[in-house]
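First the structure, in the form of structure tokens, and then the observations on it.
What follows is calculated from the coordinates using simple rules that are stated; it is not laboratory data. This one's a predicted model, so the numbers in the text were calculated from it and none came from an experiment. Every residue, glycine as well, gets a Cβ built from its backbone with ideal geometry; the counts of neighbours run over all protein chains shown.
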Amino acid sequence: MKGDHFAIKDWSDDDKPREKLIVKGKDALSDAELMAILIGSGSRNESAVALSQRILASAKSLNTLGKMTISQLIKFKGIGEAKAVSIVAALELGRRQRAEDTLKLKKITSSKAAFEIMQPIIGELPHEEFWVLFLNNSNKVISKSQLSKGGIAGTLVDIRLIFKLALENGATGLILCHNHPSGDLNPSHADKQITTKIKTAGEILDVKILDHIIVTETKYYSFVDEGIF
């Protein structure tokens, strides 16, 4: 029926992003328009798109937006708890998808390759986490595991658990990874100490520690590249 079709100029502000996605596809939408679909509606004085533009302008980047908590998001006028939850959930799905895409039995040929796997997982966290990449004889990643999760100051690592998982996965090599939320790439005394302990245990069990990567939001530090190994 003719009455079922309207020109884009006749759509309401809140319907435009949804209709535009259906008609033109997802690539045609701006970040603000995609976010407007998530939050669903604006207010009497502000459309969902305008509200989204205001939030994105404040955050300055999607990376910064992805770090915002629900309590931070609801400080924006027009964003309640339900809308904040939708934003956080969508950005977390995107982060997990990036992390999933980087794995897929990727062969590690450099410290940068390890960084590219771990950055989406731990690079932007406000607390420290310690992970291990388990590799086969071809230096392909078999699996990855979070060994510990700590606060701002640091985290504890169970060396016995690392090698239990290595043996269960049939791994012949490991890459140790943890993040520094402070952004400081330099390894601490504790970082060096735990690396030495794990390396010594690996020599006994014939599991090689290939590297230890410290990850921040945009950079990394490799023990191998810096000649510590």
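For SER143, the residues whose modelled amide H falls within less than 5 Å of its own, excluding neighbours fewer than 5 places apart on the same chain, are PHE134.
Computed over the chain, the per-residue total of -39500 (n - 2.57) for DSSP H runs of n ≥ 4 gives a 222 nm mean residue ellipticity of -13500 deg cm²/dmol, rounded to 500. Under the combined filter of DSSP loop state and at most 11 neighbouring Cβ atoms within 10 Å, the stretch 113-172 retains none of its trypsin sites (Lys or Arg not before Pro).
Report relative contact order for the chain in percent, whole number only (criteria: Cα-Cα under 8 Å, sequence separation at least 6). RCO, the chain: 14 percent.
How much of the DSSP beta bridge set in the chain is antiparallel, as a percent to the nearest 5? DSSP beta bridges in the chain are roughly 70 percent antiparallel. Centre-to-centre separation between the Cα atoms of the stretch 156-218 and those of the stretch 106-138: 11 Å.
Quick one: which of LYS112/LYS192; LYS106/LYS199; LYS24/LYS144; LYS26/LYS83; LYS24/LYS106; LYS67/LYS106 span more than 31 angstrom between C-alpha atoms? Walk me through the numbers before you get to the answer.
Working: LYS112/LYS192 20 Å; LYS106/LYS199 23 Å; LYS24/LYS144 38 Å; LYS26/LYS83 20 Å; LYS24/LYS106 34 Å; LYS67/LYS106 27 Å.
Violating the 31 Å Cα-Cα cut-off are LYS24/LYS144; LYS24/LYS106.
Sort MET68, MET35 so that the residue with the fewest other Cβ atoms within 10 Å of its own Cβ comes first and the one with the most comes last.
Numbers: MET68 19, MET35 25.
Sorted ascending by nearby Cβ count, the order is MET68, MET35.
Each of HIS127, HIS212, HIS189, HIS180 was scored by other Cβ atoms within 10 Å of its Cβ. Listed from fewest to most, they are HIS189, HIS127, HIS180, HIS212. With 0.36 nm allotted per residue and the present C-alpha distance subtracted, the LYS60-LYS107 stretch has 13.5 nm of extension available. Counted over the stretch 106-222, the DSSP beta bridges are approximately 70% antiparallel.
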